[in-house]
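Engineer: Quick one: structure below, then a few questions.
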Amino acid sequence: MMFQIASRMVFIAICMLYTCNTCTADKAARWCTISAPEQKKCESMKMAFADEGLSPAIMCVNRASREECMSAIANDVADLITLDGGDVYSGGQKYDVKPIMEEIYANGKKGYYALAVVRKSNTGVTINNLEGKKTCHTGYGRTAGWNIPVGYLLEENIMPSLACKSSLMSASSYFNESCVPGALDAAPAGVNVSNLCALCESPASCSRSDDGYASYVGALRCLVETDADVAFIKKETVLENTDGNNPDSWASGLKSEDFEILCKDGTRRAITEDADCHLAPSPSHAVVTSSSKSDEDITSYVSLLERAVELFGVDGNSKGFSLFDSATWSEADLLFKDTTETLGALNSDTYQEFLGDEYIESLDGLMACPDGTLRFCTISDGEQEKCLDMMASFSMVSISPTLSCFPASSHLDCMIAIADGNADLVTLDGGDIYQAGKKYGLVPVMGEDYGTGDASYWAVAVVKSDTSFTISDLKGKKSCHTGIMKTSGWIVPVGFLVENGHLTIENCDGAAAVGEYFEQSCAPGALSEKYNPYSTNPESLCDLCVGEGDDNCVRNDHEPYYDYSGAFRCLVEGAGDVAFVKQVTVDDNINPSNPAEWNENLSKSDYSFLCPDGTRQQDWTMECSLGKVSSHALMTSAEKTQGEIEEIIAVFTAGQNRYGSDTGNDFKLFDSQDYEGSDLLFKDSTNTLQDVGNKDTYDKWLSEEYINGLESLDPATCSGMSNGMTLLVLAAVLAIAHALVGGGA
């Protein structure tokens, strides 16, 4: 909640300074669109509503995807979008959206029930004995045909999970032969799931769109024409294709009474009894907004749409605009599903209440890991590969409980997965520790020690020795950062520059200040939606990054200049003039045990440290640091019992006792040389993991001063304090850091 409120305050401040198409004094309802046709329909809706004097006015905000629209709503750049159940689920988790109205279809219908349908004559099949059976699905990733049935089977442990988020692998092992259109395209590289396409009309292509057994009707036809045991569809599919309702030859003679539904209690019922016998209800599409919106705002949106339905809800109405028809734009289901007849207001306070427990549990099941494992969240292919090796190595020496590896795309996704109970562990740096603790209820359990003995490290500025500038001469230089809002790569150096009068931050916009101060930079993540919610961050913050395509400037190791080694590489390869890293980064990359092409011939004498007093040193000392901060920490859910936390500590204590050395042929817990990327799972410079002791919450681990400084730099948490106040807060952070330098703590 504080995230959205603070974001709103920053947005208002920006609106006061700039003219933009998302700033509005009368609180227009900003509808987010995801395509050019949707944007055009939205503009027509805007004009039609205005012609009728409807209020609030509509504004149209275009983004590339529903994901980006949800992020825009969370960051108060948009207000409304219509989502299906799966997107309501992910949007509620990640972006705190709230459904306020639902689509209602013919005859007052809302959503449908997802069913497991069998022939009445096939009497031996129940929901509990589908192992080894033959199955027909509407398509991989589709709600009724895959997400609900497979998610349910995994959630209930009827279908064992082979690995985290591995529904295809698990289903391939569990079922005999199936038709799951799209399975081949969705399968991970090297994973054979061909049996999931064996029943399809075209097993070799197994197309989600073109196979004859794809979609609802195709799945029923698969059940009818093959020796399959069950089809995952909905009641309407059976009723519309039996009892003479479908003239096609395959449906000739089919009777609805010849089919039954498998119930979750192990019984079977007639096809018409879906209300009492189903796997889960799939909800209608819903109009959502931010949960931070006031009751007054939500009431205004609901009233606007209710009046709009009265005026424009009937296709071909006299007003010239049809709310639920997309034919004018040669597309389907723009803004709303075209089959919608009206919209109904919701009284749900949360997305969970709207979706219902059955639906949510089914989707949670798709994320299931092997039962009883300790689930480590990974954010890249390299991390996932190393995690799998860690899992196997720990298991080989009987360290228990067994680990499993939960793949995600970002540390934010890991925080959400842990908060929702789908994962257990992730290693985070200071900036991410703050968000993980404050917003998602995560706590530190072990901290990385890099040789200082107290699970801390020193932020430094590194340059090439053949240059002559000092810490006071960085304006106009090119800079290499570990990542935006990361500790040693952003928070500490930016704070130092502000405290010492080199850099001025106005209106809480640290990114703009850094972009103006340095000529060009690589600050991975600077242009991502999360760290650039208003699309105002300077593009120059990513100018030096070298990731290809969509991986350019991403805040993970798909960007080669990400994190400590990446920022140093940015300096080594001549992209930048200064790299903001930690004190051991240079040593870690000078004569590494398994050098890459970029660091195989480096000499320590070629690099120097910039000291706060304006001098330069080739050998690092505490006095030649920008600040000392708490190390990265292994985080878990605050919901864990003390016994569970002690179990985590015991697992990784045993793991580092066995695999903590960087030499030999065994698995190396603190070395990433055998994988793509560096600092995977843990920093490669880690010596040991230490119990956090009584610093067992995010704020105790980070310290109050560090948190205040971080909040003053983050537009998501900065509340519009004056630059003078920002200076005072950052001065406190740096004062603590400098005291630590002076005292040698």
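Engineer: With the Cα gyration tensor of the range 364-461 giving a ≥ b ≥ c as the square roots of its eigenvalues, does the rule (a/c under 1.5 for rounded; else a/b larger than b/c for prolate; else oblate) give rounded, prolate or oblate? Mind dumping the intermediate values first?
Structural biologist: Numbers: a/c = 1.88, a/b = 1.27, b/c = 1.48.
Here the range 364-461 falls in the oblate category.
Engineer: Moving on to the next point. Taking a ≥ b ≥ c as the square roots of the Cα gyration tensor eigenvalues, with a/c under 1.5 meaning rounded and otherwise prolate when a/b beats b/c, else oblate, which class fits the chain?
Structural biologist: oblate
Engineer: Same structure again: Kindly provide the helix-only [θ] at 222 nm of the chain, computed as the sum of -39,500 (n - 2.57) over DSSP H runs of four or more divided by all residues, to the nearest 500 deg cm²/dmol?
Structural biologist: Numbers: 23 runs with 241 residues, N = 745.
For the chain, the value works out to -9500 deg cm²/dmol.
Engineer: So for each of 265-273, 246-254, 647-655, 489-497 I average, over its residues, the number of other beta carbons within 10 Å; can you give me the resulting order with the highest mean first?
Structural biologist: Details: 265-273: 14.2, 246-254: 12.0, 647-655: 17.3, 489-497: 28.0.
Top to bottom by mean Cβ count within 10 Å: 489-497, 647-655, 265-273, 246-254.
Engineer: May I pose another question? Amide H to amide H under 5 Å from Ile158: which residues, 5+ apart in sequence or cross-chain, H placed 1.01 Å off N in plane?
Structural biologist: Distant-sequence amide H within range of Ile158: zero hits.
Engineer: If you take every residue apart from Glu647 with its C-beta less than 12 Å away from the C-beta of Glu647, what net charge results, scoring Lys and Arg +1 and Asp and Glu -1?
Structural biologist: Values: positive: Lys640; negative: Asp424, Glu644, Glu646.
Summing Lys/Arg as +1 and Asp/Glu as -1 gives -2.
Engineer: Quick check: the angle from helix 563-572's long axis to the longest principal axis of the chain, C-alpha only, nearest 10 degrees?
Structural biologist: Helix 563-572 sits at roughly 60 degrees to that axis.
Engineer: Stick to the Cα atoms of the range 456-630, pair each with every other, and give me the Kirkwood hydrodynamic radius in Å at one decimal.
Structural biologist: On the way: mean 1/r = 0.0630 Å⁻¹.
In the range 456-630 this quantity evaluates to 15.9 Å.
Engineer: Sticking with this structure for a sec: Based on the mean of other beta carbon atoms within 10 Å per residue, what is the order of 230-240, 203-213, most packed first?
Structural biologist: On the way: 230-240: 23.1, 203-213: 17.6.
Listed from highest to lowest mean packing, they are 230-240, 203-213.
Engineer: Here's another thing I want to ask about it. Mind running the shape call on the range 574-721? Use the C-alpha gyration tensor, a ≥ b ≥ c as the square roots of the eigenvalues: rounded below 1.5 for a/c, prolate if a/b tops b/c, oblate otherwise.
Structural biologist: Working: a/c = 2.15, a/b = 1.10, b/c = 1.95.
The shape class here is oblate.
Engineer: If the limit is 20 Å between Cα atoms, which of Lys27/Lys98; Lys438/Lys683; Lys582/Lys683 go over it? Before the final figure, lay out the partial values.
Structural biologist: Details: Lys27/Lys98 18 Å; Lys438/Lys683 23 Å; Lys582/Lys683 11 Å.
Distance filter (> 20 Å) returns Lys438/Lys683.
Engineer: Could you let me know the centre-to-centre spacing of the range 129-171 and the range 273-350, using Cα atoms, in angstrom?
Structural biologist: The distance from the Cα centre of the range 129-171 to that of the range 273-350 comes to 31 Å.
Engineer: With a sphere of radius 11 Å drawn around the Cβ of Ser249, what net charge do the other residues whose Cβ falls strictly inside it have (Lys, Arg +1; Asp, Glu -1)? It would help to have the intermediate numbers written out before the result.
Structural biologist: Values: positive: Arg221; negative: Glu225, Asp248.
Net charge around Ser249: -1.
The numbers here are math on the coordinates, done by the rules we state, and not lab data. Just so you know, these numbers come straight off a predicted model, no measurement behind them. Methodologically, a virtual Cβ is constructed for each residue, glycine included, from the backbone with ideal geometry; neighbour enumeration extends over all protein chains shown.
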